Amino acid sequence: QVRLVESGGGLVQAGGSLRLSCAASGSISSINTMCWYRQSPGQRRELVADITRDGRTNYVNSEDGRFAISRDNAKNTVYLQMSSLKPEDTAVYYCNADIRRLGLGGTWNYWGQGTQVTVSS
């Protein structure tokens, strides 16, 4: 089995920072693209950023510059550093990854359970 476990969410004041982590564990051969999504109440889940295995990054709001995605392949972990947080960043943040499992062909897509980020004004 494979699990993605997020951590690092919480309550922060506007202008503050948080660092989210997502660790993958289980029968993993390799991990391709890793992503962060978020979902606010009543809204669709939306992509925030993604990063390939070799470190190429993509941001949905690239002009924003407030978020930075990174990963540690040795730890099977992806991070999201969030700064200058705004109340509108309040959401459940989800990790997503394309994973090649040991002993199985193909690439499998997995989601974490989500971590709540609340930004107060």
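Some notes on this structure:
- Residue-normalised accessible area of the chain, expressed per residue, 1.4 Å probe, Å²: 53 Å²
- Accessible surface of the stretch 33-121 [probe 1.4 Å, protein heavy atoms]: carbon and sulfur percent: 45 percent
- Amide H partners (placed H, <5 Å) of W108, local residues excluded: I99, R100, R101
- With the gyration tensor restricted to C-alpha atoms of the stretch 1-55, the semi-axes of the equivalent ellipsoid amount to 24, 14, 13 Å, longest first.
- The gain in end-to-end length when the S84 to R56 segment is fully stretched comes to 7.8 nm, 0.36 nm per residue minus the alpha carbon separation.
- Translational diffusion of the chain was estimated from the Stokes-Einstein equation, with Rh taken as the Kirkwood radius over Cα pairs; at 10 °C and 1.306 mPa s the coefficient is 109 µm²/s.
- Nearest-0.05 FRET efficiency for R19 and N109, computed from C-beta distance (R0 35 Å): 0.90
The values are calculated or read from the model by the stated rules, or taken from the named source; none is laboratory data. All values reported here derive from a predicted model rather than from experimental measurement. Every residue, glycine as well, gets a Cβ built from its backbone with ideal geometry; the counts of neighbours run over all protein chains shown. SASA here: full protein model, heavy atoms, side chains in, ligands and nucleic acids out. Shrake-Rupley method; radii C 1.70, N 1.55, O 1.52, S 1.80 Å.
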